[in-house]
Structures are given as structure tokens and as C-alpha cells.
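Notes to accompany the following structure.
The values are calculated or read from the model by the stated rules, or taken from the named source; none is laboratory data. None of the values given here were measured: they were computed from a predicted structure. Because the Cβ atoms are built from the backbone with ideal geometry, glycine has one as well, and the counts that use them run over all protein chains shown.
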Amino acid sequence: MTDAGTLIVLSWALMGAGVLTFGILWRVAAPYGRFMRDGWGPALPSRWGWVLMEAPSAAGFPVVFFFGAHRLDAVPLLLLALWLAHYLYRAFVFPWRLKERGKRMPWEIVGMGLFFNCVNTWLNARWIADAGRYDASWLSDPRFASGVALFAAGYAVNQHADSVLLALRPSTGGYRIPFGGLYRWVSCPNYLGEIVEWSGWALAAWSWPGLAFAAFTFTNLAPRALATHRWYRRTFAEYPPERKALVPFVL
């Protein structure tokens, strides 16, 4: 069995990878969605790319979890429910809501996302089900309650932002300026919602793997939000000038 020390070391390695990812994505937008371009090798349909990347998180977490010593405890089961609420949607619902026919995603991007999700899922599932110590008193701990509330708020923001974007796009594809909800203040509330979600998860789990996941989510999505914000401003002359990229009134 992997001990807590090993999981902590691997979590720090994941945070280091996040710093490297931030540096790369600050300079080069990952080539999928609106930033898809030639030169990245073979590609597959975008919806299947999303399924392949995200399915290991949806299926792998419960598999690892149910081999853990604390798999029947209340707090780990609640944390499992939060994880699945996000990833069952992201892996098996969101890809089929996409309306962009003909959109593709490079296998290279799919492979990197798949590798990250496998490592991250294993780390978090092992900590929650084995290395962590969550007795019943954790249910009333302010960190757990605040974390669950943050996760729920981020999930709601992410879901609403996705729905706004998907409703804007005709079946033939294309992009328009989104309005409504947090789009009033930022270009990428979908990314903001996901960052808040996993920050809430890290707080509720109070774990090194949770912290590593929250940090990596920020280092991956913040540069993309900034790139998306710049793209909107270049593409639409009438784009609302008061909007920020990710954090209302700040960034």
C-alpha cells in the first residue's frame, strides 16, 4: 500500500508540473477549441477527445476508492459524490452537448490530458480512501462545510457558463459574444467556476493531493482564460470593454 509520504511527494511533483504548464501555456495556447491549428499531428473528433481524457477520472476514482480501507466511511463517500458530480458530467454528458461538427482535437493534447487525469485521480482517490483520516467530526468542521459550499458554487457557475456558450453556437459551429450570469463581468466564468470547484474540493478534503489538483487547475486554466479574453477582444470590435478575463474587477 502506498503510504501518505509517497502521496505527498507525488503531490508536490504535480504542483511542480503545474508551474511548468503555466509557463508553457502563458506563451502558447493549447491547440483545441477556438485555438485549434495545424502542426500538432493527428487529431480525432473533439467530443471523443473529451470522453477519452475525462472518462478515467469518472471511472477510475470509484475503482481505486472502493479498494480503500475507508471506503464505507461517511466523509470519503461524500467526497466521492462531489468528484463524480463533476466528472460524470464532464466525461459523458458535456461531450454530447457540443454542437461543433467537424471540430477536432490533437491526439497529443488528449494524451497529455489522459496522463494527468490518471495520475491526479489515483492520488486523490488513494488519499480519500486510505491515507486521509476523516472521522465523523469532520462533517461539522468549518473547512469541510466551507469546501462543500465552494464546490457547489463553482459547479453551478461552471454549469451555467457552459449552457450559455453551448446555446450560442449553431450546429454549424462558430462563436459569438456570450452574455448573462458572470459573463457580465468576465470572459471565462466556466474556467472560474472550475477553479472555485477544485479549490472547494481541496478545502473539504484538506489534503495534499487536493491542494495539488486545485493549484494545477489554476495554472492550466488561468492562461487559457487570458488567451480567450484576448481572442474575444481581437475578434469582436464591440466586445464589452469592462469585462475582465477570469476574476471580476481584478484579472
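A compact table of results
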read-out	value
Test: residue in the range 35-42 that is more than 19 Å from SER199 (Cα to Cα), loosely packed, with under 14 Cβ neighbours inside 10 Å and touching a helix residue (DSSP H, G or I) at 6+ places or on another chain (Cβ under 6 Å)	yes
Matching option when the condition is part of a helix (DSSP H, G or I) and over 16 Å from the mean Cα position of the chain (by Cα), among VAL164, VAL247	VAL164
Residue in the range 107-126 that is over 24 Å from LEU14 (Cβ atoms) and either in contact (Cβ under 8 Å) with a residue 12 or more places away in the chain or of a type outside the set (Phe, Trp, Tyr) (or both) present	no
Count - residues of the range 183-229 that are assigned to a helix (DSSP H, G or I) and either more than 18 Å from the chain's Cα centre (by Cα) or of a type in the set (Gly, Ala, Ser) (or both)	16
Near pairs, Cβ below 8 angstrom, 6+ apart or cross-chain, from the range 21-33 (in contact (Cβ under 8 Å) with a residue 24 or more places away in the chain) to any residue that is among the basic types (Lys, Arg) and loosely packed, with under 14 Cβ neighbours inside 10 Å	PRO31/ARG37
Checklist (1) crowded, with 20+ Cβ neighbours inside 10 Å; (2) assigned to a helix (DSSP H, G or I); (3) not charged (D, E, K, R) applied to TYR232, failing item	(1)
Contacts under 8 angstrom Cβ, first residue in the range 38-55 being over 20 Å from LYS99 (Cα atoms) and in contact (Cβ under 8 Å) with a residue 24 or more places away in the chain, partner surrounded by fewer than 19 Cβ atoms within 10 Å (Cβ to Cβ) and among the charged types (D, E, K, R), 6 or more apart	TRP40/GLU108; GLY41/GLU108
Filter result for PRO31 (farther than 30 Å from ILE128 by Cβ and surrounded by fewer than 15 Cβ atoms within 10 Å (Cβ to Cβ))	no
Flag for PHE249 being closer than 17 Å to ASN120 by Cα, surrounded by fewer than 20 Cβ atoms within 10 Å (Cβ to Cβ) and not charged (D, E, K, R)	no
Flag for GLY102 being touching a helix residue (DSSP H, G or I) at 6+ places or on another chain (Cβ under 6 Å), outside any helix (DSSP H, G or I) and more than 24 Å from GLY132 (Cβ to Cβ)	no
Top-ranked residue in the range 1-28 [being out of contact with any Ser or Thr (no Cβ under 7 Å at 6 or more places or on another chain) and of a type in the set (S, T, N, Q); ranked as surrounded by the most Cβ atoms within 10 Å (Cβ to Cβ)]	SER11
The range 149-181, residues that are surrounded by fewer than 19 Cβ atoms within 10 Å (Cβ to Cβ), within 13 Å of PRO248 (Cβ to Cβ) and aliphatic (A, V, I, L, M)	none
Top-ranked residue of the range 54-93 - restricted to ones that are among the β-branched types (Val, Ile, Thr) and part of a helix (DSSP H, G or I), ranked as surrounded by the most Cβ atoms within 10 Å (Cβ to Cβ)	VAL75
Flag for VAL51 being assigned to a helix (DSSP H, G or I) and surrounded by fewer than 13 Cβ atoms within 10 Å (Cβ to Cβ)	no
Leading residue by the ranking (farthest from LEU246 (Cα to Cα)) among those in the range 182-204 that are charged (D, E, K, R) and surrounded by 21 or more Cβ atoms within 10 Å (Cβ to Cβ)	GLU197
Hey, TRP96 modelled with pLDDT under 95, closer than 22 Å to ASN158 by Cα and either of a type in the set (S, T, N, Q) or assigned to a helix (DSSP H, G or I) (or both) or not	yes
